[in-house]
Amino acid sequence: MKYIQCFYWAVNTMFAVGTTPLTEIELFTTSFALFLTVIIYGYTMNEVGNIMGDWAKKNREFELNLYLLNKYLQQKNVSKKL
């Protein structure tokens, strides 16, 4: 029981300051809810990072293609007004 109370205290201190549960069922339920919240938060932050990474990769590919196109047009002496 002490380990569960320690886990509850650690997670609750990090994420939300609340009241102390009165019964063991409240402790288990609240601990489970906090643990689930941590998992959901971590997954969400990971997905945001993946989206940002994909966006940066597509942006680099676009910039490379634009550079190659400009270089090709310069080699063929195509007017910049075109």
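The values are calculated or read from the model by the stated rules, or taken from the named source; none is laboratory data. Computed from a predicted structure; not experimentally measured. Cβ: placed from backbone, ideal geometry, glycine included. Neighbour counts: every protein chain shown.
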Picking from 67, 72, 3, 43, the residue that is surrounded by fewer than 11 Cβ atoms within 10 Å (Cβ to Cβ) and under 24 Å from the mean Cα position of the chain (by Cα) would be 43
Exactly one of 48, 11 is surrounded by 10 or more Cβ atoms within 10 Å (Cβ to Cβ) and either outside any helix (DSSP H, G or I) or touching a residue at least 12 places away in the same chain (Cβ under 8 Å) (or both), and that one is 11
Residue 57 meets each of (1) over 18 Å from the mean Cα position of the chain (by Cα); (2) modelled with pLDDT of 80 or more; (3) part of a helix (DSSP H, G or I) with one exception, condition (1)
